[in-house]
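A short write-up of the structure that comes next.
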Ligand code: SIN
């Protein structure tokens, strides 16, 4: 049971063209902390995706024609409603995703911040006038909404990954369709409910729920009426969706997998590094794309850092995210937990040593022990694959040159972190890391004002900040001639 102050936030059908679309077939949404079924949600399909595209297309001209101020006023109401209902939205998220309630409420504030930010940024979509090569001509550059935007988002951030895409799209004058992860559709539907209350017109924000991701994704990536497609998820799935978008030459944004190195130099403040490590590694039980995946620790401080981290990790309280004092929830599914454990076992077979944890937790279900491993090498599978669980493999290094080579020895390039107090080293390492985002003496780097995104196989484009709105705009060049008398 999910108990809310505002029960209307608990919706269970797709939201298309301002209406709740009930289907004969449903799918279960379960609580990963208990396995209890929370809701049965309408199982939308390709036809629903087509209806959503048609609705978004029909709603586009009127929404695009509104002034930036008019759109900002509506987005601002959406933001206010999210913050007003922060507790309920957090409860829904904890129930379907498993993260502790404080973390869920933090995600609601994080997600709402994109709506607040872009409500304002929509007012600053500036064009240009450019002196032309001939005296009787001027070059004028307009920025216009790209059109209908479709997006697919993951279960690890059920609310903020939607608003990070929807807010700039809507602020730019685009209309929007979201297919949320089938593990966590309730947060998306609650956002739709609040969007309606905020006065977002029908067809401007649509949610298609369903387990048939292939059929829904096929429509969203191949429809000629969708101008822009945005995806957050794994690199293999992103690669496939990117291919599907090629037929209609869509503008594509991809926020894909990562393999973040968390680097500790011998001149670092080790206590600060441990705090950064806790936040970066164990946030959401290790289930984020920007989670520290490998700890590269200079040999002279390797054992001290390991001891300090071990002491800090012992403080985690695992359990149902709704319970008082719980600081880490379960993994999303039993399969996710089995995959994490398989990587740990493989590393042990290759010579790694478990310092703490290393097993499914005594609570059972999807819970995994917060884990630290030593004697790990950069060539082990655990250092090459995204772990997506609460496991910290510690790898020693000796020199800065060796470190840069190890850190960059991956197909991924999303986030990296390092701790050092040497200003020369800070510049050299920051410039040498092949990553889209670098946390320097900082373990949490995500916020609405900053450009989030990766290089290499970690994706295309940036979300958040002044850069994030550009992907939802087209540039139109006007050549104004005949100016001579
Ligand atoms: C992600 O894991 O995809 C997003 C993490 C974040 O926004 O910090």
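The values are calculated or read from the model by the stated rules, or taken from the named source; none is laboratory data. Predicted model only: the values in this text are computed from it and were never measured. Methodologically, a virtual Cβ is constructed for each residue, glycine included, from the backbone with ideal geometry; neighbour enumeration extends over all protein chains shown.
Here are the numbers:
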| item | result |
| --- | --- |
| Criterion: farther than 18 Å from residue 305 by Cβ, in contact (Cβ under 8 Å) with a residue 24 or more places away in the chain and within 16 Å of the ligand (Cβ to nearest atom) - qualifying residue of 387, 469, 475 | 387 |
| Residue 440 vs. criteria free of Cβ contacts under 8 Å to residues at least 24 places away in the same chain and touching a helix residue (DSSP H, G or I) at 6+ places or on another chain (Cβ under 8 Å) | yes |
| Condition broken by residue 485, with the remaining ones in (1) away from the ligand (no atom under 13 Å from the Cβ); (2) touching a residue at least 12 places away in the same chain (Cβ under 8 Å) satisfied | (2) |
| Answer from 243, 218 - the residue that is assigned by TED's automatic domain parsing to the domain that holds residue 42, more than 19 Å from residue 169 (Cβ to Cβ) and touching a residue at least 60 places away in the same chain (Cβ under 8 Å) | 218 |
| The range 367-384: number of residues that are closer than 15 Å to residue 349 by Cβ and under 26 Å from the mean Cα position of the chain (by Cα) | 3 |
| One residue from 377, 347 being in contact with a strand residue (DSSP E or B) (Cβ under 8 Å, 6 or more places away or on another chain), surrounded by 21 or more Cβ atoms within 10 Å (Cβ to Cβ) and without any contact (Cβ under 8 Å) to a residue 60 or more places away in the chain | 347 |
| Hits in the range 20-50 (condition: crowded, with 18+ Cβ neighbours inside 10 Å and over 26 Å from the mean Cα position of the chain (by Cα)) | 21 |
| Residue 441 surrounded by fewer than 17 Cβ atoms within 10 Å (Cβ to Cβ) and within 14 Å of the ligand (Cβ to nearest atom) | no |
| Of all residues making up the range 202-249, the number that are in a helix (DSSP H, G or I), farther than 21 Å from residue 163 by Cβ and touching a strand residue (DSSP E or B) at 6+ places or on another chain (Cβ under 7 Å) | 3 |
| Residue that is surrounded by the most Cβ atoms within 10 Å (Cβ to Cβ), among those in the range 143-176 that are within 11 Å of the ligand (Cβ to nearest atom) and closer than 17 Å to residue 252 by Cβ | 161 |
| Filter pass, residue 192 being within 16 Å of the ligand (Cβ to nearest atom) and touching a strand residue (DSSP E or B) at 6+ places or on another chain (Cβ under 9 Å) | no |
| Filter result (within 16 Å of the ligand (Cβ to nearest atom), within 16 Å of residue 472 (Cα to Cα) and surrounded by fewer than 20 Cβ atoms within 10 Å (Cβ to Cβ)) within the range 222-249 | none |
| Helices (runs of 4 or more DSSP H) fully within the range 373-485 counting 3 or more residues that are outside the structural domain of residue 352 (by TED's automatic domain parsing) | 465-468 |
| Count - residues of the range 95-110 that are part of a helix (DSSP H, G or I), within 13 Å of the ligand (Cβ to nearest atom) and farther than 22 Å from residue 78 by Cα | 1 |
